[in-house]
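> Please read through the structure below; I'll follow up with questions.
Laboratory data are not the source of any read-out in this text; all were calculated from the coordinates shown. These numbers come from a predicted model, not from an experiment. Cβ placement follows ideal geometry from the backbone for every residue including glycine, while neighbour counts extend to all protein chains displayed.
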């Protein structure tokens, strides 16, 4: 490490002939006598050991050793070396050339230089340490900035919005122990109206866990596009993850599929702490056998069922909760978790309830040991009121060009009593017209005997317009904005705006494909509207 | 419910050509709209202005027809301006990014002032 200090300061007298002017008078002494020598001093250069072994000033001419640095100093006409040593380490050298008077350095000069070195060395050391700390602080700041960006990126991998289901309250909390996390949760919708729920925890924390988290999330989503059974989703995800996951890492994960209408929950578990179902009478662990993902290929995952009755709730969590310690090193633990769930005061907001409980348990100065994630689903205890939609209209529109105007007007008439704002009503009309056109053209091929069926209903502060045709197969889902530039250059058809417009007009769009019909469900929030 | 078939008239105004659009712009409007635009281009104007003040409905096929006119104008290096759109269709022109490629004005006076300037 010595070499980085070797910009030695050297003082030189200029040769006398350079000081003589043409008129024969001497010039004033040169006031730029200091030169920085880029001295190439390797740590194993014998000069280093020598300078550490002596105390005080060293005369260069008296030295005789096989040292490249010494050779370089002699070439530069250095006469004296004043080693700067601090705490047994050579941290610098003051190198002096010949005296200006061309006389030898006196004993007083050497004593003065020794004293100077004794005082300068610690000061230089302090300056070096400050410089080093500043560089380290800059590096720390750079790493922290990168982690802040990584956290923002990771947050985009979590659901941006919680699913809205009539008669259900869904909530989640994600609190990483470090800037980024190995925990995650996810939701996905299935064409039959079921909701997929995922909670997962990658072993380890920080950046390695976050990278595996991103991969696992994509793999689970891709598996859920092909399969609608939790056990099968985990089986596929495990086989896809196994070849690529780093050694000694694995993922615990619970996947559940909820049918919101019946409350039926199918679930499978890959070594994740079991979810809890809470009903007014009891708290039940939802256990299912299965190895964590990424450990061994071709693992089977037991798939079980439960039913969440009106008033029941489901609590999913990561081990960061149960394994949290307080100042007395006691663990939060499962009995405590169960106790909180049975407590009657924890009915309304389970996530906040657990967060408060955890904060009270660990104390205010808790250094969070592991990532903490909760997901809760609560079924309303008044299902009839919350989930029974109020039917506003049922329409049947013959599939003839231009008939979307008829659908649009009739839906507008049906929602008249809901007091929608004019701008939102216009959006509704455009969405209905486009969805009807889509159904008439693509689903029914404009065959008048194949009508478009429209059902308008309102429930739990939401308006739903379900528009069905008689088509088969999958409806292509909107894939971002159409490429207007390509259309203007004639590279693409100018058409293809329908689904994009619908998606931008509604609060939520669901596309349900069955064997003999497609349905586009257009949702509009009515909250705030009389 | 009454529907109004589409029609379009072309007129010259202060050195610009204005196409006044009437009724509903949907698939049925294709021929009349394209003919009107062809007629508007006959005098080789630097700009063509579309007047939407009397348009009650535009669907996605209508948007596609307007995109077609924009492509023709772009090919012939002709400016295309628009005025008279309702708030809802201004929003749709924004969502579809049509506003990135044509100029929107609230009325004929401002459209003419900017277009022939």
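> Can you figure out the FRET efficiency of residue A:189 with residue A:517, using R₀ = 22 Å and their beta-carbon distance, to the nearest 0.05? Before the final figure, lay out each step's value.
Values: r = 18 Å, r/R0 = 0.82.
FRET efficiency, residue A:189 to residue A:517: 0.75.
> What distance in nm separates the simple spin-label points at residue A:412 and residue A:447, each placed 7 Å from Cα in the Cβ direction?
Modelled inter-label distance: 3.2 nm.
> Does region A:205-330 come out rounded, prolate or oblate, given a ≥ b ≥ c as the square roots of the eigenvalues of its C-alpha gyration tensor, rounded meaning a/c under 1.5 and, failing that, prolate meaning a/b above b/c? List each step's numbers first, then the result.
Details: a/c = 2.17, a/b = 1.18, b/c = 1.84.
It is oblate, given that a/c is not under 1.5 and a/b is not larger than b/c.
> Follow-up question, since we're still on this one. Given 4 °C and 1.567 mPa s, how large is the Stokes-Einstein diffusion coefficient of region A:63-135 in µm²/s, with Rh as the Kirkwood radius over Cα pairs?
Working: Rh = 13.9 Å.
Rounded, D is 93 µm²/s.
> Give me the angle, in degrees from 0 to 90, between the Cα long axis of helix A:404-414 and the longest principal axis of the Cα atoms of chain A, rounded to the nearest 10.
Relative to chain A, helix A:404-414 is tipped by roughly 80 degrees.
> Oh, and also: Per-residue ellipticity at 222 nm for the protein assembly as shown, helices alone: DSSP H runs ≥ 4 residues times -39500 (n - 2.57), over residue total, nearest 500 deg cm²/dmol?
Numbers: 18 runs with 222 residues, N = 647.
Per the formula, -10500 deg cm²/dmol.
> Would you mind computing, in nm to one decimal, how far apart the modelled labels at residue B:71 and residue A:43 are, each placed 7 Å from Cα along Cα→Cβ?
7.0
> Could I ask something else about it? Angle, helix A:230-241 long axis vs. longest principal axis of chain A, Cα atoms, 0 to 90°, nearest 10?
Result, in degrees: 30.
> Further, regarding this structure: Remind me, what semi-axes does region A:389-525 give for its equivalent ellipsoid, largest first in whole Å, using sqrt of 5 times each Cα gyration tensor eigenvalue? Could the numbers behind the result be given before it?
Values: eigenvalues 114, 68, 39 Å².
Square roots of five times the eigenvalues give 24, 18, 14 Å.
> Quick one: if the Förster radius is 30 Å, what FRET efficiency do residue A:309 and residue A:359 give, using the C-beta to C-beta distance and rounding to 0.05? Mind showing how you got there, number by number?
Details: r = 31 Å, r/R0 = 1.04.
Working from the Cβ atoms, E equals 0.45.
> Could you give the length gained on full extension between residue A:390 and residue A:105, defined as 0.36 nm per residue of separation minus the Cα-Cα distance, in nm? It would help to have the intermediate numbers written out before the result.
On the way: separation 285, 0.36 × 285 = 102.60 nm, distance 10.59 nm.
Full extension from residue A:390 to residue A:105 adds 92.0 nm.
> Can you tell me what share of the DSSP beta bridges in region B:7-110 is antiparallel? A percent to the nearest 5 is fine.
Details: 7 of 23 bridges.
So the antiparallel bridges amount to about 30 percent of the total.
> Still on this structure, please answer the following. Within region B:44-69, name every residue whose backbone N is under 12 Å away from a label modeled 7 Å from Cα of residue B:34 along the Cβ vector.
The answer is B:65-66, B:68-69.
> Starting at 0 and stepping by 10 Å, how many percent of the alpha carbon pairs of the protein assembly as shown end up in each bin?
The distribution over the protein assembly as shown is 3, 12, 15, 14, 12, 11, 9, 8, 8, 6, 2, 0, given as percents.
> Can you tell me the FRET efficiency between residue B:14 and residue B:87 if r is taken as the Cβ-Cβ distance and R0 is 22 Å, rounded to the nearest 0.05?
The pair residue B:14/residue B:87 has a calculated efficiency of 0.25.
> Tell me, how many Å apart are the Cα centres for region A:142-218 and for region A:227-299?
Using only Cα atoms to place each centre, the spacing works out to 16 Å.
> Additional query: With viscosity set to 1.306 mPa s at 10 °C, what whole-number translational diffusion coefficient in µm²/s follows for chain B from Stokes-Einstein and a Kirkwood radius over Cα pairs? If you can, show how the numbers build up before the last one.
Working: Rh = 14.0 Å.
Answer, rounded: 113 µm²/s.
> Grab the eigenvalues of the alpha-carbon gyration tensor for region A:353-450, scale each by 5, take roots, and send me the semi-axes largest first in whole angstrom. Working shown, then result.
Details: eigenvalues 480, 63, 44 Å².
They are 49, 18, 15 Å, listed from largest to smallest.
> Quick one: if you stick a label point 7 Å off each Cα along the C-beta vector at residue A:133 and residue A:118, how many nm between them?
Output for this residue pair reads 2.7 nm.
> If you don't mind, there's one more thing I want to ask. In what order do A:421, A:329 fall by count of nearby beta-carbon atoms within 10 Å, going from fewest to most?
Details: A:421 10, A:329 6.
Ordered by Cβ neighbours within 10 Å, fewest first: A:329, A:421.
> For A:465, A:255, what's the fewest-to-most ordering of other Cβ within 10 Å of each Cβ? Walk me through the numbers before you get to the answer.
Values: A:465 27, A:255 31.
Least crowded to most crowded, the residues run A:465, A:255.
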